[in-house]
Amino acid sequence: QVQLVESGGGLVQAGGSLRLSCAASGIIFNINDMGWYRQAPGKQRELVARVTGGGSTNYGDSVKGRFTISRDNAKNTVYLQMNGLKPEDTAVYYCNAEIFTTATFRSGNYWGKGTLVTVSS
């Protein structure tokens, strides 16, 4: 019914940049909050950044000033621009969205399958 597909991960050197994208598809009526989370090996999943339907944003403390989240509502897509990458940013990055679908006439919390970001020192 609803799918989130991430792209843009890869290998980058410390100090470099990457841009992640996540496109939502399916029977979508409205998308509320969208966001990015990450999970490093042996660690819990943590918030990277979120953006509301109105455009308000919040960031995890470790990425403030380096990462920027944005969304294109016409494309049902959320982006994460990552600058000044550090080895500790290495993780699988997951897209998350709260989506109201007319398939069920309910809001649900959806996750993508993740994209791996590796930052070498």
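So, in the range 12-25, how many residues would count as being open to solvent by less than 40 Å² (accessible area, probe 1.4 Å) and part of a strand (DSSP E or B)?
Total meeting the criteria: 6.
Within the range 1-11, track down each residue that is assigned to a strand (DSSP E or B) and either under 23 Å from residue 85 (Cα atoms) or not polar (S, T, N, Q) (or both).
2, 4, 5, 6, 7, 10, 11
Any residue in the range 29-36 that is over 15 Å from the mean Cα position of the chain (by Cα) and open to solvent by 70 Å² or more (accessible area, probe 1.4 Å)?
Yes, the range 29-36 contains a residue that is over 15 Å from the mean Cα position of the chain (by Cα) and open to solvent by 70 Å² or more (accessible area, probe 1.4 Å).
Filter the range 79-117 for residues that are aromatic (Phe, Trp, Tyr) and within 17 Å of the chain's Cα centre (by Cα); which is surrounded by the fewest Cβ atoms within 10 Å (Cβ to Cβ)?
Looking at residues that are aromatic (Phe, Trp, Tyr) and within 17 Å of the chain's Cα centre (by Cα), I get 111.
Output the number of the condition that residue 74 fails; it satisfies all remaining conditions of (1) among the hydrophobic types (A, V, I, L, M, F, W, C); (2) within 18 Å of residue 8 (Cβ to Cβ); (3) open to solvent by 20 Å² or more (accessible area, probe 1.4 Å).
Condition (2) is where residue 74 drops out.
Just checking, does the range 16-39 include any residue being in contact with a Leu (Cβ under 8 Å, 6 or more places away or on another chain), touching a residue at least 24 places away in the same chain (Cβ under 8 Å) and over 19 Å from residue 112 (Cα atoms)?
There is at least one residue in the range 16-39 that is in contact with a Leu (Cβ under 8 Å, 6 or more places away or on another chain), touching a residue at least 24 places away in the same chain (Cβ under 8 Å) and over 19 Å from residue 112 (Cα atoms).
Among the strands (runs of 3 or more DSSP E) contained in the range 26-72, which hold 1 or more residues that are more than 26 Å from residue 105 (Cα to Cα) and of a type in the set (Val, Ile, Thr)?
The strands (runs of 3 or more DSSP E) meeting that bar are 46-51, 57-59, 67-72.
The values are calculated or read from the model by the stated rules, or taken from the named source; none is laboratory data. This structure is a prediction, so every number in the text was calculated from the model and none was measured. Note that each Cβ is placed from the backbone with ideal geometry, even for glycine, and that neighbours are counted across all protein chains shown. Keep in mind that these areas ignore ligands, DNA and RNA; they rest on the heavy atoms of the full protein, side chains included. Shrake-Rupley method; radii C 1.70, N 1.55, O 1.52, S 1.80 Å.
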